[in-house]
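The values are calculated or read from the model by the stated rules, or taken from the named source; none is laboratory data. This structure is a prediction, so every number in the text was calculated from the model and none was measured. Glycine gets a Cβ as well: all are built from the backbone with ideal geometry, and neighbour counts include every protein chain shown.
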Amino acid sequence: MLADIVEYLACPVCAHEVRLAGDTLRCAEGHAFDVAKQGYVSLLVGSRTPGTADSAAMVAARAEFLGAGHYAPLADALAESVRLRIQSANGREGDAFRRDRFSALPDAAAEKAYRSAAVAREAGAARQEAGHAEEPVIVDAGAGTGYYLATVLRAVDRGIGMAFDVSKHAVRRAARAHPRVGAFVADVWRPLPIRDGVADIVIDVFAPRNGPEFRRILRPGGVVVVVTPARAHLSPLVQELGLLSVDEEKERRLARSLEGFEEADRRTVEFDLELDPGEVAGVVGMGPSAWHTEATELAKRISSYVSRETAKKREKVVARAAFQLSIFEASPRSRAVP
Ligand SMILES: C[S@@+](CC[C@H](N)C(=O)[O-])C[C@H]1O[C@@H](n2cnc3c(N)ncnc32)[C@H](O)[C@@H]1O
Ligand SMILES: [Zn+2]
């Protein structure tokens, strides 16, 4: 898979293109990055992994929880949004080559517009002939185990997935998430090791968002699909366990953190979760409280809540999952001039 993805990568040191030579990615300046035996590549530069990287235990808890299918309705909703977006983008491209689309223009202008669309189409065809199928490129920033990216790739049936995360424990798993995924250790807060204008879609599920970098790597017409927890997420667990709740400012922060983008669409995805005691611990361990509350204190609160619930003869704890799924388009004012 890596061989098909290399053309979209940029050297994290000098930003030049890289090539795969044996088990090493190398740029013309001689910067080299080994492919790990698990199939991922660390493109992290600098000596320290940022403190926000998920630990091995957090990644294992996430993999188990997601593997049990609890968030499958969210993954499916995300995949459907991406599929529709790609489908409509393809429709628009196909449309651009229809001569009658230009017929409302004065003759000379129509001919010019048609010709330039035809040039674009020929460039696409040339890429295809050169073996670069016009496959949509989907970048997952803060991909974790690659669970969402894999669901998206299954839904779009063509397309290349690039998973980036700063945690090598996460990236190891992401590398195995789907045959069309390439997985890389990288810090979303630094220049992404991706070439300009190559991504059709960036997905970002509960992970840091770097607006200017997302803007740089997207093709014209590309979008960022962002998933964040909604206010009702994990009620009543949040109240019962005294967890960190979605803060009131979050939505405004989200808009600010995607400076240069406009929210073109937003929907809420909600469903019930039925959790056994271990899974309550799992879902809490995946959220921000795992970072901010002492583990033994959390475990104590969970066990007392679960025993109160089971005393009511309930085998499972029911909680609400609630998310915002937003699509961001580059705002016209900041669109790069071709
Ligand atoms: C809440 S998890 C979400 C993971 C995945 N999107 C999912 O929903 O399963 C946040 C992820 O962001 C990663 N992360 C945190 N800081 C990062 C950074 N600066 N650059 C890249 N990834 C980062 C963490 O390692 C973690 O895997
Ligand atoms: Zn280089």
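Things to note:
- Of the residues VAL41, VAL13, VAL45, VAL82, the single one that is away from ligand 1 (no atom under 12 Å from the Cβ), surrounded by 14 or more Cβ atoms within 10 Å (Cβ to Cβ), aliphatic (A, V, I, L, M) and free of Cβ contacts under 8 Å to residues at least 60 places away in the same chain is VAL13.
- Exactly one residue out of ASP200, ASP196, ASP204 is of a type outside the set (A, V, I, L, M) and within 16 Å of ligand 2 (Cβ to nearest atom): that is ASP196.
- Scanning the stretch 13-58 for residues that are within 14 Å of ligand 2 (Cβ to nearest atom), assigned to a loop (DSSP other than H, G, I, E, B) and touching a Phe, Trp or Tyr at 6+ places or on another chain (Cβ under 8 Å) returns a single hit, LEU43.
- Set side by side, the residues PHE164, PHE206 differ, and just one is under 11 Å from the mean Cα position of the chain (by Cα) and either β-branched (Val, Ile, Thr) or surrounded by fewer than 21 Cβ atoms within 10 Å (Cβ to Cβ) (or both), which is PHE206.
Residue by residue, here is whether (1) in contact with a helix residue (DSSP H, G or I) (Cβ under 8 Å, 6 or more places away or on another chain); (2) at pLDDT 80 or above; (3) not in a helix (DSSP H, G or I) holds:
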{"position": "THR228", "(1), (2), (3)": "yes, yes, yes"}
{"position": "GLU248", "(1), (2), (3)": "no, no, yes"}
{"position": "VAL269", "(1), (2), (3)": "yes, yes, yes"}
{"position": "GLU309", "(1), (2), (3)": "no, yes, no"}
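- Candidates are the residues of the stretch 1-16 that are more than 18 Å from ARG190 (Cβ to Cβ) and modelled with pLDDT of 95 or more; the one that is nearest to the chain's Cα centre (by Cα) is ILE5.
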